[in-house]
Structures are given as structure tokens and as C-alpha cells.
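Below is one structure, written out as C-alpha cells, with a few remarks after it.
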Amino acid sequence: MTSLFTLPPAPVVPVADKDATYPVHRIFCVGRNYAAHAAEMGTEVDREAPFYFTKAPSTLVVAGGQIPYPPGTENFHYEMELVVAIGAPAFRVTVERAMDAVWGYACGLDMTRRDLQLAARAKQRPWDLGKDVEQSAVIGPLTPATDMPPLGPQSIVLTVNGEVRQEATLADLIHSVPEIIAHLSGFYHLQPGDLIYTGTPAGVGAVVPGDRIDGRIDGLTPISITIGAAE
Ligand code: MN
């Protein structure tokens, strides 16, 4: 049987210092995983368990270029995040075994139509219009977990036009990477190709066309994007 049309190829993430790519299957995102960010959003962290939303894999953008200012918003926000790349199947894994499923890490941006997210939140509606935004899952090259020291003291920093807007350390994560994987694996058969955006520190804010965003986490390849004209 012939296909009616051809879809774009599956998105891939480059691997730092290697001639290899990591194909992407799903994108999970953790909400409210830094206490100071939850506070600035007028909410509290649920310390019992993380919660999630998803972005379609088609929203993935490799950093280094420009993304458009998306339609339907007047409050387009950056969120700097540690991204975890799953490299082995994980289903109902314990916290103790969860790190066996990690292939590596990258810097990422969970770009958000904040006005639409907050409007949805206020009406107890899903966040898709605010979060599942075309070209909103920005990611840098992956670094293998074996090349990364234990997570904790690394700083996570975001600047806009050279000015620091977000600054924290990975030790500030409420739900740690193994805790997230163990919890999420109770609901999904995690598999190679699954990315987890682990949440953003305080200091989120709006960008406008022409702005340049730089993000870095100690030990990982830094990322940079510019915001293009409104569509
Ligand atoms: Mn986020």
C-alpha cells in the first residue's frame, strides 16, 4: 500500500563530540519542580509526587538558530531546564534502579505561551495551548551520563540579551531525576527516545522578537536561540 503523503522524519538530538544522533520518541515535562518557581507562579510544590505535561516530538528544536514568536500569545516565556534522555526501557522501576535508564543529559528550554497556560489553569483546563507549542521544546547536544558527575552542585543559568534571569543549582530540584523516572515509569513504559524536561528554576519571564536567550548547565553544552518575528 502506498502512503498518501510523507511525514517529516523523526526529530533527533545531536550527541556532543560524536557523529551520532539520538532519535526522539516522546517529550515529558515536569511541572513545578523548584520551590522558588512554584512560589513565583502563585502555587506550591506538591512534594508527594511530581506532575507532568507533554509536548509533541514535532515541537523539538535543536538550539543554535532562531524560533518564531508563536501565534496566539502576548506573553511568550522562557524556562531553562535540565533534560534527561532515556536510553534503556524502564517500567515500574525503583528509585535505586532508575538511573540505569538514563542515557544522558542536555540543556533545554520549555518555551511557553504563559498567558494561555495561566488562562487554562484558571479554568481547570488542559495546558496544551500554553505548552504544546510548535518549536517550543528547545534542546542542545546530549552528553552521556557517564561523562557527567553526580547531579547536584551544577549551576543552571539563563540569560536574556546577556542579563542573568534564572540562576539555581540542580540540587534545588524538588523531585530528583531518579525520583522522577521511578514515578513516571509507574504510568508509562519509558523507552530509548523519551526525553524528560525536569522543570525550571525561578526567574521565568517574557521575551520579544529580537531577544537572544543563552542557557547553560555546568558540564553540558550551552544553548542559545534568538526569537524571530511574530507569526
Ligand atoms: Mn517547564
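In table form, for the structure just shown:
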| read-out | value |
| --- | --- |
| Per-residue HN-Hα couplings for the stretch 85-98 [Karplus 6.51, -1.76, 1.60; θ = phi - 60°; Hz; x = Gly/Pro] | 10, 7, x, 8, x, 9, 9, 6, 8, 7, 4, 5, 9, 4 |
| For the stretch 69-122, alpha-carbon Rg over 2.2 N^0.38 Å | 1.62 |
| Within straight-line cross-link reach of Lys131, lysines at Cα separation under 18 Å, skipping those fewer than 8 residues along the same chain | Lys55, Lys123 |
| Average silhouette area of the stretch 36-156, convex hull of alpha-carbon atoms, in square nanometres | 9.2 nm² |
| Sequence ranges 177-189, 21-33, 85-97, 40-52, ranked by mean other-Cβ count within 10 angstrom, highest first | 21-33, 177-189, 85-97, 40-52 |
| Highest-MSF residue in the chain out of Gln124, Gln166, Gln154 [GNM, Cα springs under 10 Å] | Gln124 |
| 5 angstrom amide H check on Asn75, placed H, neighbours 5+ away | Arg114, Asp115 |
| Pairwise FRET efficiency - Leu118 versus Ala35, Cβ, R0 = 25 Å, nearest 0.05 | 0.85 |
| Estimated 222 nm signal from helices in the chain, with DSSP H stretches of n ≥ 4 weighted -39500 (n - 2.57), rounded to 500 | -3000 deg cm²/dmol |
| The stretch 95-204: C-alpha gyration tensor shape, a/c 1.5 cut-off, then a/b vs b/c | oblate |
| Label point at Thr21 placed 7 Å out along Cα→Cβ; residues across the stretch 39-76 whose backbone nitrogen lies under 19 Å | 56-67 |
| Most mobile of Thr112, Thr59, Thr146 in a GNM of the chain (Cα contacts under 10 Å) | Thr146 |
| For the chain, alpha-carbon Rg and Dmax in angstrom | 16.8, 55 |
| Formal net charge of residues neighbouring Pro192 (Cβ-Cβ distance under 15 Å; K, R +1; D, E -1) | -1 |
| Positive-end extreme of charge dipole, the stretch 37-190 - chosen from Gln66, Gln135, Ala56 (charges on Cβ) | Ala56 |
| Surrounding net charge for Gly31, when Lys and Arg each add one and Asp and Glu each subtract one, Cβ distance under 14 Å | -3 |
| Long-range amide H partners of Val61 with built H, under 5 Å | Ala137, Val138, Ile139 |
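Read-outs throughout are calculated quantities, based only on the coordinates presented, and are distinct from any laboratory measurement. Remember, it's a predicted structure, so these values are computed and weren't measured experimentally. As a convention, Cβ positions derive from the backbone with ideal geometry for all residues, glycine included, and neighbour counts pool all protein chains shown.
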